[in-house]
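Enquirer: Below are the structure tokens for one structure; questions will follow.
The values are calculated or read from the model by the stated rules, or taken from the named source; none is laboratory data. Bear in mind the structure is a predicted one, so any value in this text is a computation, not a measurement. Positions of Cβ are generated from backbone atoms using ideal geometry, with glycine treated the same way; all protein chains shown enter the neighbour counts.
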Amino acid sequence: MPMTPVARYAAVRETHSAVVVLLGYRALKVKKPVDLGFLDFRSRAQRQAACRREVVLNRRLAPDVYLGVASVRGFDGVGGVGAVDGEPVVVMRRMPDERRLTTLVRSGQPLDDVVVHLARMMAALHSASRRSPEISAQGRRDALRSRWRASLRQARPFHGGVLDREAANEIERLVEGFLAGREALFERRVAAGRIVDGHGDLICDDIFCLPDGPRVLDCLEFDDSLRYVDGLDDIAFLAMDLEYLGAQELAGLLVDRYAEYVGDPVPPALLQHYLAYRAFVRAKINCLKYSQGDVSARDAARSYAALALRHLRAGQVRLILVGGLPAAGKSAVAGLLADRLGAVLLSSDHLRKEMAGISPLAPATGVYRRGRYDEGHTARTYEELLHRADELLGVGETVVLDASWTHARLRALAADSAARAHAEFVGVECCAPSSLRRARLVARSEDASDADPQVADRMAVDADPWPDAIRVSSATGAGAALAELVPHLDLPAAG
């Protein structure tokens, strides 16, 4: 690696767990003799083991940077002198500060090529990672929940002082809700071999963009189990950090390219959850830095916690019923809503015909409460609709169910499904004037619904009130109805 002149010969950098002394072309890293709960460096033996492990692991991504482990003679790391063995220290090539990824992002440098290179590096690391039952175990739901709970517990003393108490409590509630209903999702990730021996602490501050490619430093070495993660979790740390620095487009590019290189379909809710997890890890770290006297860490801790909360909200799994009388516009609204949310759309009209073995658009006469529309067929249709929704909710998919939902009993069954899956339950009732609905029914063609004006009139008489639904009007089109839902559902921007 070519060396550039050192602008400042000596400098000292301190983190919550280490001190780095910069001397000329070398960087010397000493572990602090601290016990932070998630790491324990109090004994020299622990610090030496961590130093050696750091060199071995970081040579995977920066082989020419990590030179080895030395010792400082006569110093024992806790202020004593005359120690025979000396204090272990990681010896590294010094990286140019001006090429730090954080610096480049903040200066607005074009970094698409760098980000794509990093995605390829991490994909290669993960693809070459050994797999084992021990590693896979750390990718299961309960292992992630344990890590979350440890971080939440460590941050709890800072509620109300450093962290906003209300926001912190909502974070805990959303974390527990997501994990409680998603065991199938994590088991699917394990079965697909997505759990790897990764980096574990991938942030912009520890990446240096040199002419011959990036150097990724400072992987998590003190606890192997914390480095055994879903590859998506690993790359999400860097994506989160890029977002924190204001580089949202680079964050998206990183995840997209990584997913392409490793062939990962990336469940959207899981990505949001991992982004939140990594943001909260940084919130916790900044709480600890604040307790060690870094007063500037308070604002950073709050900002990271707010970022975690935004992603937890975005990743919340929902079961959304979109209903209404025939020709009230529910199918059009449901389709637009599913597209906006990236949700799975299921339709009772399509399913009813699928179960009957006929084409969804095949014309058929709809006879109210007879034939395919009698109580037995209707019950089986909704039972299958909710069965499919249950499976999708379990793997983290938000589901939009397009059906009339005019009967309170069926809505109650859907609410039970949402509760079992720890998913947010939302009802949307589409409305339109009866004259407009009748005109639409008369003009309707090539539609999965078999309802005619007579069926619609009977359904209107028999419909149960839906007092807790969000009511939207489709009189001027589905787009206008969707716009009415934006403040209720905090929908993402179109595009």
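Enquirer: In the set 357, 335, 342, which member is within 21 Å of residue 387 (Cα to Cα) and at pLDDT 95 or above?
Expert: 335
Enquirer: So is residue 164 modelled with pLDDT of 95 or more and crowded, with 23+ Cβ neighbours inside 10 Å or not?
Expert: Answer is no for this residue.
Enquirer: A follow-up question, please. Exactly one condition in (1) of a type outside the set (Gly, Ala, Ser); (2) touching a Pro at 6+ places or on another chain (Cβ under 7 Å); (3) over 29 Å from residue 312 (Cβ atoms) is false for residue 99; which is it?
Expert: Looking at each condition in turn, residue 99 falls short on (2).
Let's see how each residue does on (1) among the aromatic types (Phe, Trp, Tyr); (2) over 21 Å from residue 271 (Cα atoms); (3) not assigned by TED's automatic domain parsing to the domain that holds residue 398:
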{"position": "148", "(1), (2), (3)": "yes, no, yes"}
{"position": "176", "(1), (2), (3)": "no, no, yes"}
{"position": "187", "(1), (2), (3)": "no, no, yes"}
{"position": "200", "(1), (2), (3)": "no, no, yes"}
{"position": "218", "(1), (2), (3)": "no, yes, yes"}
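Enquirer: Continuing with the same structure: Quick check on my filter: what residues within region 108-143 are small (Gly, Ala, Ser), surrounded by 18 or more Cβ atoms within 10 Å (Cβ to Cβ) and not in a helix (DSSP H, G or I)?
Expert: 129, 139
Enquirer: Could you list all residues from region 391-412 that are buried (at least 16 other Cβ atoms within 10 Å of the Cβ) and either small (Gly, Ala, Ser) or more than 18 Å from residue 337 (Cα to Cα) (or both)?
Expert: 394, 395, 396, 403, 404, 406, 407, 410, 411
Enquirer: If only one of 151, 146 is over 27 Å from residue 118 (Cα atoms), of a type outside the set (A, V, I, L, M, F, W, C) and crowded, with 19+ Cβ neighbours inside 10 Å, which one is it?
Expert: Sole residue among the options that is over 27 Å from residue 118 (Cα atoms), of a type outside the set (A, V, I, L, M, F, W, C) and crowded, with 19+ Cβ neighbours inside 10 Å: 151.
Enquirer: Separate question: If you take the residues in region 185-206 that are hydrophobic (A, V, I, L, M, F, W, C) and within 30 Å of residue 93 (Cβ to Cβ), which one is surrounded by the most Cβ atoms within 10 Å (Cβ to Cβ)?
Expert: This residue is 196.
Enquirer: Looking at this structure, is residue 100 modelled with pLDDT under 95 and within 30 Å of residue 243 (Cβ to Cβ)?
Expert: So residue 100 fails the test.
Enquirer: Please verify whether region 317-325 includes one or more residues that are outside the structural domain of residue 115 (by TED's automatic domain parsing) and of a type in the set (Gly, Ala, Ser).
Expert: Yes, there is a match, as at least one residue in region 317-325 is outside the structural domain of residue 115 (by TED's automatic domain parsing) and of a type in the set (Gly, Ala, Ser).
Enquirer: Could I ask something else about it? Of the residues in region 284-299, how many are over 16 Å from residue 151 (Cα atoms) and either buried (at least 17 other Cβ atoms within 10 Å of the Cβ) or modelled with pLDDT of 95 or more (or both)?
Expert: Matching residues across region 284-299 total 3.
Enquirer: Of the residues in region 11-66, how many are on the phi < 0 side of the Ramachandran plot, part of a loop (DSSP other than H, G, I, E, B) and not basic (Lys, Arg)?
Expert: 16
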